[in-house]
1. Are there any helices (runs of 4 or more DSSP H) wholly within the range 16-135 with 2 or more residues that are more than 22 Å from ALA153 (Cβ to Cβ), and if so which?
2. Yes or no: VAL140 of a type in the set (Val, Ile, Thr), closer than 18 Å to LEU109 by Cβ and in a helix (DSSP H, G or I)?
3. Would you confirm whether or not the range 160-174 contains a residue that is within 24 Å of ALA54 (Cα to Cα), within 14 Å of the chain's Cα centre (by Cα), among the polar types (S, T, N, Q) and not in a loop (DSSP other than H, G, I, E, B)?
Amino acid sequence: MTRLMLALALSASVGCASGPSEPSRPQMDALFLRLRTTHDRSEAEMLEVTIRHAWAHSGRDNVDRQMEQAATAIHAGDYDQALDTLDKVVAADPGFVEGWDQRAMVHYLRDEYTDAVSDIEHVLILEPRHFGALAALGQVMLALDDKKAALEAFRAALEINPYLDDVRDQAEELEDEVAGTPI
């Protein structure tokens, strides 16, 4: 997956119109359980969209506006502006998972891998089931040429969302490459 494709995939849910109410914690738990256990690809896609939609909204108009501005800057390739905006997002709402996730992505796009990993750690503290952050961690580990760590991250993402086809393909390639090497 190219960097631009990764950027577009990770930011796809930013800027969506907010629904009338976001899922509660028990509802999110049920969504994740169903995502992990469904055998219906269409249902899995709908579950993923619902989960990503919930992550994309802070519930604070100013933060959501800043997220839209950051997404616009990312799509324009203005990573300095995106990072500046996302710094404001995480300062204004340090509990907002997607602010950290998007900032991690921008750090990755700027080849700032240590900062990307740090932000992904924040994401995973706030939402350990963030399959997007786990997949991004795998990409960062690949960029650092740590194939074993990348494979672990990809496997963790697939444990939560088994319908991440690109992640599965990368994991399968890595399994062949690291075969026989303890993980």
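1. Details: elements: 25-37, 41-55, 61-75, 79-92, 97-109, 113-126.
The helices (runs of 4 or more DSSP H) meeting that bar are 25-37, 41-55, 61-75, 79-92.
2. Numbers: of a type in the set (Val, Ile, Thr): yes; closer than 18 Å to LEU109 by Cβ: yes; in a helix (DSSP H, G or I): yes.
Against the criterion (of a type in the set (Val, Ile, Thr), closer than 18 Å to LEU109 by Cβ and in a helix (DSSP H, G or I)), VAL140 qualifies.
3. no
Residue by residue, here is whether (1) farther than 30 Å from PRO26 by Cβ; (2) modelled with pLDDT under 95; (3) touching a strand residue (DSSP E or B) at 6+ places or on another chain (Cβ under 8 Å) holds:
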site	(1), (2), (3)
ALA82	yes, no, no
ARG110	yes, no, no
ASP146	yes, no, no
LEU164	no, no, no
ALA171	yes, no, no
ASP176	yes, yes, no
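The values are calculated or read from the model by the stated rules, or taken from the named source; none is laboratory data. Values in this document were obtained by computation on a predicted structure and should not be read as measured data. With ideal geometry, Cβ positions are generated from the backbone for all residues, glycine too; neighbour counts draw on all protein chains shown.
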